[in-house]
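Written out below as structure tokens is the structure these notes cover.
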Amino acid sequence: DDLISDSLKDTILDVTYVSICGFLSVAGLVANTLNIIVFIRMGLNDAVNVSLLGLAVSDIFSMTFLLLESTCFNPLFQNVGLPFALMEVQFIVGGWPHICFTRVVSWITAFVTFERCVCIALPLKVKSIITATRAKVVVVMSFLLVAGSAAPEFYVNQFVWKFYPEKNVSLIGLHFIEDRDRFENVTFVLNNVLMQYLAFVAVIICTIILVVKLNEKTRWRSATARGDNTAAISVKDKKVVKMISFISAIFIASYLPSSILFMAMAIKRDFHPSGYFNIFHVTWSLAFMLEGINSTVNIFVYYKMSSKYHRMFHRTFLCRVLE
């Protein structure tokens, strides 16, 4: 038996999926559209701008499919007499595409952290190691690799006409092929456990290296510099540490719950829409809510902590030139 009753499930999903995720997805679409415009205007000859543009694009797609999921869970939309089982179909047309693009978000976030780590650890070599062209290749490959690794999931889960006795009607619903376990034993763990945890490890390691290197440079400059210049350098370094730590913390906090849920799905096969339907959707609605927050708040991080972004934002949308 499911651990959550139907009535409690409906109440929770109305709050999380329909209301909160619906709002966050719209806000995320607006925020990342602004991000894309700003980064394009800042120029794509800089590797960091290229990476952050790729991050904004993946967030746009992620929020688009989250909005689709939110709409599917809306009670008003469920009762319009559609010819398919909405809760089953949205799992593939909304849930999995959303997850694919959040995986791209994870890898681009790891690459952004790596970029800035190299910039601090090897300042004289960073321009030759990470170029705008290489950043573009990494961003494009992130999209292609995630799409390729997730493709078998769309083969395993297929749409067929099914009879639903409780409604006395035939609808298009979800059907799992006979060899589902054979496929998912490999592809599911590879795409949704290993790839996600590798991104976490990359972000954590690069962030630790970045913070250590910045602290070393701050102490060295404080010992060699004099007067007000010492304070200026220290404040500048601390801003970089704060920004990277902020991005890393938001990413880890937002994506760790979904990673844990994927691990649970890999270990316990009943944790699936075909098994524990109610608890599956309730827990995932909370995880998607956090992912929506991550995709929405980036604009505030850039605006507050990046002077270049701040100036270009004002110049583009407020017609003001800041010194």
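The values are calculated or read from the model by the stated rules, or taken from the named source; none is laboratory data. If you're wondering where the values come from, they're calculated on a predicted model, not measured in any experiment. All Cβ positions, even for glycine, are placed from backbone atoms using ideal geometry, and neighbour counts span all protein chains on display.
Give 106, 149, 142, 170 a once-over and let me know the one that is farther than 24 Å from residue 295 by Cβ and either small (Gly, Ala, Ser) or surrounded by 21 or more Cβ atoms within 10 Å (Cβ to Cβ) (or both). Quick ask: steps written out before the conclusion?
Working: 106 fails: farther than 24 Å from residue 295 by Cβ; 149 fails: farther than 24 Å from residue 295 by Cβ; 142 fails: farther than 24 Å from residue 295 by Cβ.
None of the others qualify; the one that does is 170.
Quick check: is even one residue across region 118-138 touching a helix residue (DSSP H, G or I) at 6+ places or on another chain (Cβ under 6 Å), surrounded by 14 or more Cβ atoms within 10 Å (Cβ to Cβ), of a type outside the set (S, T, N, Q) and not in a helix (DSSP H, G or I)?
There is at least one residue in region 118-138 that is touching a helix residue (DSSP H, G or I) at 6+ places or on another chain (Cβ under 6 Å), surrounded by 14 or more Cβ atoms within 10 Å (Cβ to Cβ), of a type outside the set (S, T, N, Q) and not in a helix (DSSP H, G or I).
Please count how many residues of region 63-79 are in a loop (DSSP other than H, G, I, E, B) and in contact (Cβ under 8 Å) with a residue 40 or more places away in the chain.
Restricting attention to region 63-79, the residues satisfying the condition of being in a loop (DSSP other than H, G, I, E, B) are 73-74, 79.
Filter once more, keeping what is in contact (Cβ under 8 Å) with a residue 40 or more places away in the chain: 73-74.
Result for region 63-79: 2.
So is residue 269 basic (Lys, Arg) and in contact (Cβ under 8 Å) with a residue 60 or more places away in the chain or not?
On the way: basic (Lys, Arg): yes; in contact (Cβ under 8 Å) with a residue 60 or more places away in the chain: yes.
In short, yes.
Taking the conditions exactly as written (surrounded by fewer than 24 Cβ atoms within 10 Å (Cβ to Cβ), among the β-branched types (Val, Ile, Thr) and either in contact (Cβ under 8 Å) with a residue 60 or more places away in the chain or in contact with a Lys or Arg (Cβ under 9 Å, 6 or more places away or on another chain) (or both)), does residue 60 satisfy them or not?
Working: surrounded by fewer than 24 Cβ atoms within 10 Å (Cβ to Cβ): yes; among the β-branched types (Val, Ile, Thr): yes; either in contact (Cβ under 8 Å) with a residue 60 or more places away in the chain or in contact with a Lys or Arg (Cβ under 9 Å, 6 or more places away or on another chain) (or both): no.
Spelling it out, it is not the case that residue 60 is surrounded by fewer than 24 Cβ atoms within 10 Å (Cβ to Cβ), among the β-branched types (Val, Ile, Thr) and either in contact (Cβ under 8 Å) with a residue 60 or more places away in the chain or in contact with a Lys or Arg (Cβ under 9 Å, 6 or more places away or on another chain) (or both).
With the structure loaded, tell me whether residue 160 is over 26 Å from residue 39 (Cβ atoms), among the β-branched types (Val, Ile, Thr) and not in a helix (DSSP H, G or I) or whether it fails that test. Spell out the reasoning first.
Working: over 26 Å from residue 39 (Cβ atoms): yes; among the β-branched types (Val, Ile, Thr): yes; not in a helix (DSSP H, G or I): yes.
Yes.
Which of the numbered conditions does residue 70 fail, given that it passes all the others? Conditions: (1) buried (at least 23 other Cβ atoms within 10 Å of the Cβ); (2) within 30 Å of residue 308 (Cβ to Cβ).
(2)
Residue 82 fails exactly one of the following numbered conditions: (1) touching a Lys or Arg at 6+ places or on another chain (Cβ under 8 Å); (2) part of a loop (DSSP other than H, G, I, E, B); (3) not small (Gly, Ala, Ser). What is the number of that condition?
(1)
Name the residue that is farthest from residue 191 (Cα to Cα), counting only residues in region 146-177 that are in contact with a helix residue (DSSP H, G or I) (Cβ under 8 Å, 6 or more places away or on another chain) and among the aliphatic types (A, V, I, L, M).
Residues of region 146-177 that are in contact with a helix residue (DSSP H, G or I) (Cβ under 8 Å, 6 or more places away or on another chain), as a first pass: 146-147, 149-150, 152-157, 159, 172-174, 176-177.
From what is left, the residues that are among the aliphatic types (A, V, I, L, M) are 146-147, 150, 156, 172, 174, 177.
On the way: 146: 7, 147: 10, 150: 6, 156: 14, 172: 27, 174: 21, 177: 19 Å.
Across region 146-177, the extreme among qualifying residues is 172.
Scanning region 223-238 for residues that are part of a helix (DSSP H, G or I) and surrounded by 14 or more Cβ atoms within 10 Å (Cβ to Cβ), which turns out modelled with the highest pLDDT?
So in region 223-238, the residues part of a helix (DSSP H, G or I) come out as 223-224, 228-238.
Applying the additional criterion that residues be surrounded by 14 or more Cβ atoms within 10 Å (Cβ to Cβ) yields 230, 233-234, 237.
Values: 230: 46, 233: 43, 234: 47, 237: 54.
Of everything passing the filter in region 223-238, 237 is modelled with the highest pLDDT.
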